[in-house]
Amino acid sequence: MKRLIAPLVLLLSCAVATAAETSFTSTLSPDDLKATGLDGLSAEQIQRLDALVEHYRSAEVKREVVKAEKKRRVEEAGLEFEHAIPRLESRIVGTVDGWSGGTTFTLENGQIWKLANRETYIHYKNVKNPPVVLEKATFGNYWLRIDGFPGVRVRRVK
């Protein structure tokens, strides 16, 4: 998703740059100029009108970039940016016997959580579909707690 934001910003920047090269009033036909009364404006008034339109366009581009960034953050990972969930109770789908490196945990609600760091833990027995509690930690991470296991920091990936 992050890869989509950069091209969007570039595209919008190019649109602004192209728009800046072509003033608003220069894109109007003589009929449109006459119909709107713009044909009677002085050169200074036309220049001011073009500056106002350009200011409006750049504000629109900024709003679209902010909207796209907000959408990306919501779709990405833990939804911590808009809807921080302080505590979540669910079950892990499958068997758990520990974790290491990039282990992921799939919950019965479809969410997927991945270890936030590279720690390893091996449990003495396999636990099938264990109940799990996730509690908000720092920096967008959560603590994943399974009975009989130590807590581990995770980050939502889906």
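Answer yes if at least one residue in region 10-32 is among the acidic types (Asp, Glu) and modelled with pLDDT of 85 or more, and no otherwise. Write out each step before concluding.
Narrowing region 10-32 to residues among the acidic types (Asp, Glu): 21, 31-32.
Narrowing the set further to residues that are modelled with pLDDT of 85 or more leaves 31-32.
Checked against the condition, which is being among the acidic types (Asp, Glu) and modelled with pLDDT of 85 or more, region 10-32 yields at least one hit.
Among residues belonging to region 136-154 that are among the charged types (D, E, K, R) and farther than 13 Å from Leu88 by Cα, point out the one that is surrounded by the fewest Cβ atoms within 10 Å (Cβ to Cβ). Write out each step before concluding.
At the first step, the residues of region 136-154 found to be among the charged types (D, E, K, R) are 136, 145, 147, 153.
Still in the running and farther than 13 Å from Leu88 by Cα: 147, 153.
On the way: Asp147: 9, Arg153: 16.
Among residues in region 136-154 that are among the charged types (D, E, K, R) and farther than 13 Å from Leu88 by Cα, the one surrounded by the fewest Cβ atoms within 10 Å (Cβ to Cβ) is Asp147.
Among the residues of region 113-135, are any β-branched (Val, Ile, Thr), loosely packed, with under 13 Cβ neighbours inside 10 Å and part of a loop (DSSP other than H, G, I, E, B)? Please lay out each step first, then the result.
Step one: filter region 113-135 for residues β-branched (Val, Ile, Thr), giving 120, 122, 127, 132-133.
Still in the list and also loosely packed, with under 13 Cβ neighbours inside 10 Å: 120, 122.
Checking the rest, the ones that are also part of a loop (DSSP other than H, G, I, E, B) come to 120.
So far as region 113-135 goes, yes, one or more of its residues are β-branched (Val, Ile, Thr), loosely packed, with under 13 Cβ neighbours inside 10 Å and part of a loop (DSSP other than H, G, I, E, B).
Give just the number: which of (1) at pLDDT below 85; (2) part of a strand (DSSP E or B); (3) open to solvent by 30 Å² or more (accessible area, probe 1.4 Å) does Arg91 not satisfy?
(1)
Of the residues that sit in region 103-112 and are open to solvent by 30 Å² or more (accessible area, probe 1.4 Å) and within 23 Å of the chain's Cα centre (by Cα), which one is farthest from Ser90 (Cα to Cα)?
Start the filter on region 103-112 by keeping residues that are open to solvent by 30 Å² or more (accessible area, probe 1.4 Å), which leaves 103-104, 106, 108-110, 112.
Checking the rest, the ones that are also within 23 Å of the chain's Cα centre (by Cα) come to 104, 106, 109-110, 112.
On the way: Thr104: 15, Thr106: 10, Asn109: 7, Gly110: 10, Ile112: 12 Å.
Applying the filter and picking the extreme gives Thr104.
Consider Ser100 carefully, then state whether it is surrounded by 15 or more Cβ atoms within 10 Å (Cβ to Cβ), hydroxyl-bearing (Ser, Thr, Tyr) and either modelled with pLDDT of 85 or more or within 23 Å of the chain's Cα centre (by Cα) (or both). Let's see the steps before the verdict.
On the way: surrounded by 15 or more Cβ atoms within 10 Å (Cβ to Cβ): no; hydroxyl-bearing (Ser, Thr, Tyr): yes; either modelled with pLDDT of 85 or more or within 23 Å of the chain's Cα centre (by Cα) (or both): yes.
So Ser100 fails the test.
Is it fair to say Leu52 is at pLDDT 80 or above, open to solvent by 60 Å² or more (accessible area, probe 1.4 Å), part of a helix (DSSP H, G or I) and more than 30 Å from Val157 (Cα to Cα)? I'd like the intermediate steps shown before the answer.
Working: at pLDDT 80 or above: yes; open to solvent by 60 Å² or more (accessible area, probe 1.4 Å): yes; part of a helix (DSSP H, G or I): yes; more than 30 Å from Val157 (Cα to Cα): yes.
Yes.
The values are calculated or read from the model by the stated rules, or taken from the named source; none is laboratory data. Note that the structure is a prediction, hence the values are computed from the model and not measured. Every residue, glycine among them, receives a Cβ derived from its backbone with ideal geometry; neighbour counts consider all protein chains shown. To get the accessible areas, we keep the full protein, side chains included, count just its heavy atoms, and leave off ligands, DNA and RNA. Shrake-Rupley method; radii C 1.70, N 1.55, O 1.52, S 1.80 Å.
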